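Data block below; observations after.
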Amino acid sequence: MGLLLIAGASAAQEAVSESASGKTRDGAAVPPRRVLVIGIDGTRTDALQAANTPHLDRLIQDGQLWTNTQILGDRPTQNDTVSGPGWTSFLTGVWADKHGVNDNRFEGRNVDAYPHFFARVRHAYPAARMGSFVDWKPIDDYLVRDADVRVCHESHGASEYEQNDGKLATAAAAFLRDDDPHVVMVYFGMADESGHAHGFHPSVRPYVDAIARVDERVGQVLNAMQERPNYAQEQWLVVVSTDHGGQGTGHGSGHEIPAIRQTWLIVSGDRRSPNPPASSVATSTEPSPSYLVDVSVTALEHLGIPLDPAWQLDGKALRFDSPPHPPAADEPVSHSRKALSENE
Ligand SMILES: [Zn+2]
């Protein structure tokens, strides 16, 4: 209880105190639900759809795919359509006019005021277990904080990214299997490298094959998550997206180019979050707008963390409200999901 009190009382923490799984053995507060966030650099929507991606397909079956995801917001900002601002928006939930990252130099970054979402989790749940796995080093250098396990394999060129993506998948899978994580962020870089080398397009075989290879890594990580002994009770949510698309062999200055600025986003898994705020609810009946900044906000909301207006988040929590496939014979009908759709 000590840590719970230090963090300050809130509705979410009251919910935690009621949850049998919401505490560690020594009573410290941990999130009542869990999140796996996966970032796949430089993956065009049409190439994703052309690639053989059985693991991502399965996630979509158990959740929802958005293909209208904007990597830029409605306010004018100074940032280029490259990885620096992209991953910063993804991880902080705010646009570049706030986080200050306009290109891959990260100069002028304002990430103490608008930190990686791990910082929000750490503040609400000091005992949460969090892991970050990346091979584009600037993410680790400038953005990652509050991680209990932090793996970075600096990479240059397609073959290094391919190798290191594999190491990241193995490390993240081990963390999921052997540890007790509440939040896991895994980044894969080889699709973007392949796009730069061969072209970002669904007709470019090496690029599409690279996306399929990343899907295998995703499968490795998902298998480890699903093999957790208490997986069925842990209410994992998986959120997957990219930082930008591409055209030709690049993606800079893509503000007006749909193949670069409009991407995709997957939210999958258990969304039985109690009393979701009505304003943040997006349903699957209409394709709701989606933005890169929604990734971390969706994660925070699922973790039961009240979104403080003082954080000035630009993202919103994305939801889907009905099971898109019939439950298996031994799976009880989800009453909370039913209740959700009745309330909306
Ligand atoms: Zn790139």
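The numbers here are math on the coordinates, done by the rules we state, and not lab data. Source: prediction; values computed, not measured. FYI the Cβ positions are ideal-geometry reconstructions off the backbone, even for glycines, and counts take in every protein chain you see.
Just check region 33-343 against the gyration tensor rule for me: Cα atoms, a ≥ b ≥ c as the square roots of the eigenvalues, rounded for a/c under 1.5, and otherwise prolate or oblate depending on whether a/b exceeds b/c.
rounded
If you find the alpha carbon centre of region 169-198 and of region 75-145, how far apart are they in angstrom?
If we compute the Cα centre of each part, the gap is 17 Å.
For a paramagnetic label modelled at 7 Å from the Cα of Asp209 toward its Cβ, which residues of region 161-182 fall within the zone defined by backbone nitrogen distances under 18 Å?
It comes to 161-166, nothing else.
Mind checking region 24-81 for trypsin sites (Lys or Arg not before Pro) that DSSP puts in a loop (not H, G, I, E or B) and that have at most 16 other Cβ atoms within 10 Å?
Arg25
I'd like the GluC sites (Glu not before Pro) in region 115-219 restricted to DSSP loop residues with at most 16 other Cβ atoms within 10 Å, sorted by number.
Hits after loop and neighbour filter: Glu154.
Mean separation of Cα pairs under 8 Å and 6+ residues apart, divided by the residue count of region 33-343: what relative contact order is that in percent?
31 percent
Using 0.36 nm per residue of separation minus the Cα-Cα distance, give me the extension gain between Gln247 and Ala310 in nm, one decimal.
Computed gain between Gln247 and Ala310 is 18.9 nm.
How would you classify region 152-256 from its alpha-carbon gyration tensor, with a ≥ b ≥ c the square roots of the eigenvalues: rounded for a/c under 1.5, else prolate if a/b is greater than b/c, otherwise oblate?
Because a/c hits 1.5 or more and a/b exceeds b/c, region 152-256 counts as prolate.
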